[in-house]
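Input: a single structure, listed below in structure tokens.
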Amino acid sequence: MLIQTVDLCKTYKNGLEALHNINLSIEPGEFVFLTGESGAGKSTLIKLLFREQQPTSGFIMISGKNINRLGRKDVVRLRRNTGVVFQDFRLMENSNVFDNVAFALKAVERPWEEIKTRVPEVLEWVGLAGREKENVMHLSGGEQQRVAVARAIINDPLILFADEPTGDLDPNTSAELMKLFEQINAAGTTVVMATHDQDIVEKMQKRVITLRKGRLVNDAIGGFSL
Amino acid sequence: MKMKSFRYIFPQTFKSMLANGWMTFAAVMTITISLFLCTLFWLLVINVDANATALEEDVRISAYIKEDTQDYSYDRLYYDILAIEGVEAVEYISREDGLKNIAGRFGNTDLLAAMGGVNPLPDCYSITAESKDHVASIAKKLESFTEIDDIRYGEETVDRLFALTDTLRIGGLILMLLMALAAVVLISMSIRLTVMARKKEIMVMKWTGATNAFIRWPFILEGLFLGLMGAVLALGLALVCYHYALGYIAQYVSFLVVLPLSAVWQTTVLFALGAGLLLGMLGSFFPLARFLDV
Ligand SMILES: Nc1ncnc2c1ncn2[C@@H]1O[C@H](COP(=O)(O)OP(=O)(O)OP(=O)(O)O)[C@@H](O)[C@H]1O
Ligand SMILES: [Mg+2]
């Protein structure tokens, strides 16, 4: 078991209960969709999973460790083994493609020689070969999201978390991005993706976890359910 | 964190300092002004201290003779003073010579004319003690002489000077604290701007698993650079001012002990750079604290 949540609850400071008693487990190599209508708690669950927020009660185990009780060093190790992608890409606007991707390797203090060879490799892998010098703001939405994905996977994470990565993309571009996610998953990375895009979920036929008003209401392979 | 990683950290620092250039400028100016004033104060304090110490070592006593003393009493007085235990030499300084001396010290040749032709000084015996341990006892003896009006010697002035140094120190400390506070606030503001501008990058660094040290260093460096630049400018200004003040003092008030530039620059440089770096460190500490609580 790679990820396990135990009686996970999250109540925001304003008293809103965003998640209630979520118990789920995810095996290594799985591809999991997290769906549910707006406000169901998808983003909240993703944030808890990559430790952006702490649960109100319950806990999360990743690779056998309670991530809510980690020391500083282990938090750093956990983050080096997880990649995150967001709906709004979160790229550095004034930089080119290379710098945006290289940033993730610099942040974990990899040697420059490695960065020089590794970045073009990953860019090729996400379909942006030879685009290193281009400013990210001159790219299309789909291409920008590929840069963000390249940045998220360049450290070979065990898990890739994505919160509505196709939210701002048109259907064709979304389908392209999902192919990339499938490749990443096929290469061994566990993918957990929050989305409310029914078409994508239907087409992919993966495991689908459905939330409603903060509760887990369905967990099955296949189609979209609300 | 690896030492080698500084090559990824330095560019971040300079990029952001250039990006909010006017804030960087304002911060450097504030540090310059506050460190300039602090450095001048520091120079003042060490000089007053030097004067006090020099006076403490001074073994001379001036005994002023009463106006109505008869001429024939002068010789007897001379020998009486010489007979006091611990007196090494006694020299007579007439009121005319006294005025000339003073005029010489202040670089003014015609003091008498400046004072409207009236010499306010009394005649005086200048007494040299064998050592400074004897000064107080000699002064005490001199007080019992009816012909002697007033006694001046180092230690008295020393006490006053030390009182002055204490006042200066306390005043200076308060001034320095206020100045330091202003500098830290401005550095913090400047770095807070950088933090805001780089919020997204900080988040990405965090999520990718950068260590806190790696995230913090660009900001610490920014603080250190701001502090350092301010310190260097302040030092330059202060030392130039000091140089000119020295020339002025040497010309007009030569009896004051003033430490030459060669004697003060090392400690002053250490003082200013140390203060600059410290303020820079402090300034970079606060804006980042809440971002890093992972
Ligand atoms: N920081 C917050 N403070 C207070 N309430 C919040 C906060 N973040 C989310 N919520 C609330 O928690 C609930 C779940 O929000 P969440 O963002 O997890 O939903 P979601 O499933 O991602 O929705 P969407 O599909 O619109 O992105 C919502 O009602 C939301 O208003
Ligand atoms: Mg959401």
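The values are calculated or read from the model by the stated rules, or taken from the named source; none is laboratory data. As the structure is a computational prediction, the values presented were derived from the model and not from experiment. A quick note on method: Cβ atoms are made from the backbone with ideal geometry, for glycine too, and the neighbour counts reach across all protein chains shown. Calculation scope for accessible area: heavy atoms of the full protein, side chains included, ligands and nucleic acids excluded. Shrake-Rupley method; radii C 1.70, N 1.55, O 1.52, S 1.80 Å.
Among the residues making up the range B:240-257, those that are touching a residue at least 40 places away in the same chain (Cβ under 8 Å) and open to solvent by less than 50 Å² (accessible area, probe 1.4 Å) are B:Tyr242, B:Val253. Candidates in the range A:124-139 are the residues that are outside any loop (DSSP other than H, G, I, E, B) and open to solvent by 50 Å² or more (accessible area, probe 1.4 Å); of these, the one that is farthest from the other protein chains (Cβ to nearest Cβ) is A:Glu124.
When the range B:202-219 is examined, which residues are found to be in contact (Cβ under 8 Å) with a residue 12 or more places away in the chain, of a type outside the set (Gly, Ala, Ser) and within 14 Å of chain A (Cβ to nearest Cβ)? Within the range B:202-219, B:Ile202, B:Lys206, B:Thr211, B:Asn212, B:Phe214, B:Ile215, B:Arg216, B:Trp217, B:Pro218 qualify. Residues that are within 11 Å of chain B (Cβ to nearest Cβ), part of a strand (DSSP E or B) and within 16 Å of ligand 2 (Cβ to nearest atom) do not occur anywhere in the range A:37-54. Those helices (runs of 4 or more DSSP H) of the range B:131-230 in which at least 3 residues are out of contact with any Pro (no Cβ under 8 Å at 6 or more places or on another chain) and of a type in the set (Gly, Ala, Ser), considering only elements entirely within it, cover B:135-143, B:154-197. Being at pLDDT below 85, farther than 30 Å from A:Glu114 by Cβ and either more than 34 Å from the chain's Cα centre (by Cα) or surrounded by 17 or more Cβ atoms within 10 Å (Cβ to Cβ) (or both), is that true of even one residue in the range B:15-26? Within the range B:15-26, one or more residues are at pLDDT below 85, farther than 30 Å from A:Glu114 by Cβ and either more than 34 Å from the chain's Cα centre (by Cα) or surrounded by 17 or more Cβ atoms within 10 Å (Cβ to Cβ) (or both).
Taking the range A:189-209, which residues are polar (S, T, N, Q) and out of contact with any Leu (no Cβ under 7 Å at 6 or more places or on another chain)? Across the range A:189-209, the qualifying residues are A:Thr195, A:Gln198, A:Gln205. Here the range A:15-29 is the region considered, the condition is being open to solvent by 40 Å² or more (accessible area, probe 1.4 Å), more than 10 Å from ligand 1 (Cβ to nearest atom) and of a type outside the set (S, T, N, Q), and the residue that is farthest from the other protein chains (Cβ to nearest Cβ) is A:His20.
Within the range B:9-23, the residues that satisfy the criterion of being in contact (Cβ under 8 Å) with a residue 40 or more places away in the chain and assigned to a helix (DSSP H, G or I) are B:Ile9, B:Phe10, B:Gln12, B:Thr13, B:Ser16, B:Met17, B:Ala19, B:Met23. The condition of being outside any helix (DSSP H, G or I), within 16 Å of ligand 2 (Cβ to nearest atom) and out of contact with any Asp or Glu (no Cβ under 7 Å at 6 or more places or on another chain) holds for only one of A:Pro157, A:Pro165, that being A:Pro165.
Considering only the range B:40-89, state which residues are in a loop (DSSP other than H, G, I, E, B) and not polar (S, T, N, Q). The answer is B:Asp58, B:Val59, B:Lys66, B:Glu67, B:Asp68, B:Ile84, B:Glu85, B:Gly86.
Taken over the range A:42-62, residues that are within 15 Å of A:Val6 (Cβ to Cβ) and among the polar types (S, T, N, Q) amount to 3.
Table: residues versus (1) open to solvent by less than 20 Å² (accessible area, probe 1.4 Å); (2) within 16 Å of ligand 1 (Cβ to nearest atom).
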| residue | (1), (2) |
| --- | --- |
| A:Ile46 | yes, yes |
| A:Phe50 | yes, yes |
| A:Gln53 | no, yes |
| A:Arg80 | no, no |
| A:Gln87 | no, yes |
| A:Val97 | yes, no |
| A:Thr117 | no, no |
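Is it the case that some residue within the range B:66-77 is among the small types (Gly, Ala, Ser), in contact (Cβ under 8 Å) with a residue 12 or more places away in the chain and assigned by TED's automatic domain parsing to the domain that holds B:Thr165? Among the residues of the range B:66-77, not one is among the small types (Gly, Ala, Ser), in contact (Cβ under 8 Å) with a residue 12 or more places away in the chain and assigned by TED's automatic domain parsing to the domain that holds B:Thr165, which makes the answer no. Within the range B:86-102, is there a residue that is away from every other protein chain (no Cβ under 14 Å) and in contact with a His (Cβ under 6 Å, 6 or more places away or on another chain)? Looking through the range B:86-102, at least one residue is away from every other protein chain (no Cβ under 14 Å) and in contact with a His (Cβ under 6 Å, 6 or more places away or on another chain).
The criterion of at least 3 residues that are open to solvent by less than 10 Å² (accessible area, probe 1.4 Å) and within 16 Å of ligand 2 (Cβ to nearest atom) is met by the following strands (runs of 3 or more DSSP E) wholly inside the range A:176-225: A:190-194, A:207-212. Test B:Ala89 against the stated conditions and say whether it is of a type in the set (A, V, I, L, M) and assigned by TED's automatic domain parsing to the domain that holds B:Ser284. So B:Ala89 does not fit the description; no.
I'd like the full set of residues that are open to solvent by less than 60 Å² (accessible area, probe 1.4 Å) and either among the small types (Gly, Ala, Ser) or facing chain B (nearest Cβ under 8 Å) (or both), limited to the range A:65-78. Talk me through it step by step, then tell me what you get.
Restricting attention to the range A:65-78, the residues satisfying the condition of being open to solvent by less than 60 Å² (accessible area, probe 1.4 Å) are A:66-68, A:70-71, A:74-76, A:78.
Result: A:Gly71, A:Val75, A:Val76, A:Leu78.
Considering the conditions (1) under 30 Å from B:Met3 (Cα atoms); (2) within 14 Å of chain B (Cβ to nearest Cβ), A:Glu121 is excluded by exactly one of them, (2).
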